[in-house]
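Student: Let me begin by handing over the structure; questions about it come next.
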Amino acid sequence: MGGFGDSVVTAAQLLWSADPRLLRIVGLSLAVSGAASAAAALVGVLGGAALAAFRFPGRGALLLLTNTLLALPSVVVGLAVYLLLSRAGPLGHWGILFTPTAMVVAQTLLVLPVVVALTRQLVADAMHGNAEQLRSMGATPLLTALLLLVHERSSLATVLLTAFGRAVSEVGAVMIVGGNIDGVTRVMTTAIALETSKGDLPLALGLGLVLLGVVGLVNVAIALLRQGMRRTAPVAA
């Protein structure tokens, strides 16, 4: 069958038998990315709503910075967090470098601009034709933005799923601040890179299939949400 065929068969066996090592890596990966996405959501949704609701000096520069950070390479985020958390860094006394906590911090900073920028745009679009009615009822600008987000909760869920997909599929930041320590900080993307370099293709293939499945499920969920939004959208007379 050849080396590639044997690797595929072995990878399928690892998945079928629920290999403990594979499950441990997948579980840590989902936990880190889930925690990072939740943290980014808590800060980013409020930040994006505030950017859409208020006008203040420097707002244009802040919007430009947020949009620029959308394309920020993950290795740059990892380097910045590493410098902050290293022994010589200002936060070195925390002692969390090369731990899952450091990985959560790095991924949170990586996906935070995604949540802020997409939430701001979502609120800005929703304000047309809806904001004045809420403000006439006494709602403050920020409360108006948050109420519009509740109304656009399906679109907001799409934003958060997009952030999770970005987090779970990145490799640079978690490799730098986590160290890719077996059984401690090794996640799917870093394990795939390491096992491929070592020649352990079955495990790399198995993890790659799981990662592809996770990203695929995220995209299916986004597609279903968008389809549901189209069905519930009001039809023009």
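The values are calculated or read from the model by the stated rules, or taken from the named source; none is laboratory data. Please read all numbers here as calculations on a predicted model, not as lab measurements. Here Cβ is always computed from backbone atoms with ideal geometry, including for glycine, and neighbour counts include all displayed protein chains.
Student: Restricting to region 66-80, give me the number of residues that are loosely packed, with under 12 Cβ neighbours inside 10 Å and not hydroxyl-bearing (Ser, Thr, Tyr).
Tutor: Matching residues across region 66-80 total 1.
Student: Among (1) on the phi > 0 side of the Ramachandran plot; (2) modelled with pLDDT of 95 or more, where does Gly2 come up short?
Tutor: The single condition Gly2 does not satisfy is (2).
Student: Taking region 164-206 as the region of interest, how many residues are part of a helix (DSSP H, G or I) and either under 27 Å from Ala41 (Cα atoms) or touching a His at 6+ places or on another chain (Cβ under 9 Å) (or both)?
Tutor: 16
Student: Within region 102-122, identify whether any single residue is part of a loop (DSSP other than H, G, I, E, B) and surrounded by fewer than 21 Cβ atoms within 10 Å (Cβ to Cβ), and answer yes or no.
Tutor: Looking for residues that are part of a loop (DSSP other than H, G, I, E, B) and surrounded by fewer than 21 Cβ atoms within 10 Å (Cβ to Cβ), one finds none in region 102-122, hence no.
Student: All but one of (1) in contact (Cβ under 8 Å) with a residue 60 or more places away in the chain; (2) touching a Gly at 6+ places or on another chain (Cβ under 8 Å) hold for Ile192; which doesn't?
Tutor: Ile192 satisfies every listed condition except (1).
Student: Now for a different question. Go over the candidates Ala71, Ala41 one by one and state the one that is under 14 Å from Pro113 (Cβ atoms), hydrophobic (A, V, I, L, M, F, W, C), out of contact with any Pro (no Cβ under 7 Å at 6 or more places or on another chain) and without any contact (Cβ under 8 Å) to a residue 12 or more places away in the chain.
Tutor: Exactly one of Ala71, Ala41 is under 14 Å from Pro113 (Cβ atoms), hydrophobic (A, V, I, L, M, F, W, C), out of contact with any Pro (no Cβ under 7 Å at 6 or more places or on another chain) and without any contact (Cβ under 8 Å) to a residue 12 or more places away in the chain, namely Ala71.
Student: Let me ask something else about it. With the checklist (1) within 16 Å of the chain's Cα centre (by Cα); (2) surrounded by 19 or more Cβ atoms within 10 Å (Cβ to Cβ) in hand, flag the one item Leu85 doesn't pass.
Tutor: With (1) within 16 Å of the chain's Cα centre (by Cα); (2) surrounded by 19 or more Cβ atoms within 10 Å (Cβ to Cβ) applied to Leu85, the lone miss is (1).
Student: Any residue in region 10-32 that is closer than 12 Å to Pro202 by Cα, at pLDDT below 95, β-branched (Val, Ile, Thr) and surrounded by fewer than 15 Cβ atoms within 10 Å (Cβ to Cβ)?
Tutor: No: region 10-32 contains no residue that is closer than 12 Å to Pro202 by Cα, at pLDDT below 95, β-branched (Val, Ile, Thr) and surrounded by fewer than 15 Cβ atoms within 10 Å (Cβ to Cβ).
Student: Looking at Leu65, is it at pLDDT below 95 and in a helix (DSSP H, G or I)?
Tutor: yes
Student: Which condition does Ala223 not pass, out of (1) in contact (Cβ under 8 Å) with a residue 12 or more places away in the chain; (2) in a helix (DSSP H, G or I); (3) surrounded by fewer than 18 Cβ atoms within 10 Å (Cβ to Cβ); (4) not hydroxyl-bearing (Ser, Thr, Tyr), if it passes all the others?
Tutor: (1)
Student: Picking from Ile25, Ile96, which residue would you name as being touching a residue at least 40 places away in the same chain (Cβ under 8 Å) and either small (Gly, Ala, Ser) or over 21 Å from Leu122 (Cβ atoms) (or both)?
Tutor: Ile25
Each row is one residue, and each column tells you yes or no for (1) over 16 Å from the mean Cα position of the chain (by Cα); (2) assigned to a helix (DSSP H, G or I).
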{"position": "Val8", "(1), (2)": "yes, yes"}
{"position": "Ala12", "(1), (2)": "yes, yes"}
{"position": "Ser29", "(1), (2)": "no, yes"}
{"position": "Ala39", "(1), (2)": "no, yes"}
{"position": "Val43", "(1), (2)": "no, yes"}
{"position": "Gly48", "(1), (2)": "no, yes"}
{"position": "Arg55", "(1), (2)": "yes, no"}
{"position": "Gly60", "(1), (2)": "yes, yes"}
